[in-house]
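Report on the structure given below.
The values are calculated or read from the model by the stated rules, or taken from the named source; none is laboratory data. In this text the structure is predicted, and so the values were computed from the model without any measurement. Reconstructed Cβ throughout: ideal geometry from the backbone, glycine too, with neighbour counts over all protein chains shown.
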Amino acid sequence: MRGPWVGALALAAATMSAPASAQAVSAQAVSAQAVKDSAQSQRQQFSGIAAYYDKGYKGKTAAGERYDPDKFTAAHKTLPFGTRLCVTDKRSGRSVEVVVNDRGPFTKGRVLDLSLAAAKQLGMTDHGLTDVTANIQ
């Protein structure tokens, strides 16, 4: 009677008998996948300075919606509208979930403009700018 270990032994024997060049190609493929996975996880998260829309701001977003200071929204330069982000203030550890519905910020060094509601949730309305990490949901 053959047990499940017979297949494992056959696989191990085949791997050990494979030429060194085939083993090197296999190692390169695993290494390339690890680099690809790492790059993808970096695209899922970014960090930088966030600001928020002033209390007096009134207007439309780039998505065509009227800006609502009571909604949890954000502006980002390139992420698709509707993208959900979990934004964390690095200093306080507070987090908020926002939806991208606008383009910006257009000030060098900033990664997000947040709505007033999101800024209040993070506790950043007293200082205006804060260092954040954003995770794409």
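The residue list Arg110, Arg91 contains one member that is out of contact with any Lys or Arg (no Cβ under 8 Å at 6 or more places or on another chain) and surrounded by fewer than 15 Cβ atoms within 10 Å (Cβ to Cβ), which is Arg91. Pick from the stretch 79-123 the residues that are under 19 Å from Arg66 (Cβ atoms) and small (Gly, Ala, Ser): which of them is nearest to the chain's Cα centre (by Cα)? Among those that are under 19 Å from Arg66 (Cβ atoms) and small (Gly, Ala, Ser), it is Gly82. Residue count for the stretch 67-102, restricted to those that are assigned to a loop (DSSP other than H, G, I, E, B), more than 18 Å from Gln44 (Cβ to Cβ) and of a type outside the set (A, V, I, L, M, F, W, C): 9. Note on the stretch 103-125: residues that are farther than 13 Å from Asp54 by Cα and in a strand (DSSP E or B) total 3.
Taking the condition surrounded by fewer than 19 Cβ atoms within 10 Å (Cβ to Cβ) and in contact (Cβ under 8 Å) with a residue 24 or more places away in the chain, does Gln45 pass?
The answer is yes for Gln45.
Evaluated against (1) under 13 Å from Leu112 (Cβ atoms); (2) buried (at least 17 other Cβ atoms within 10 Å of the Cβ), Lys77 falls short on exactly one condition, (2).
If only one of Gly56, Gly128 is modelled with pLDDT under 95, surrounded by 10 or more Cβ atoms within 10 Å (Cβ to Cβ) and assigned to a loop (DSSP other than H, G, I, E, B), which one is it? Steps first, answer last, please.
Details: Gly56 fails: surrounded by 10 or more Cβ atoms within 10 Å (Cβ to Cβ).
Going through Gly56, Gly128 in turn, the sole match is Gly128.
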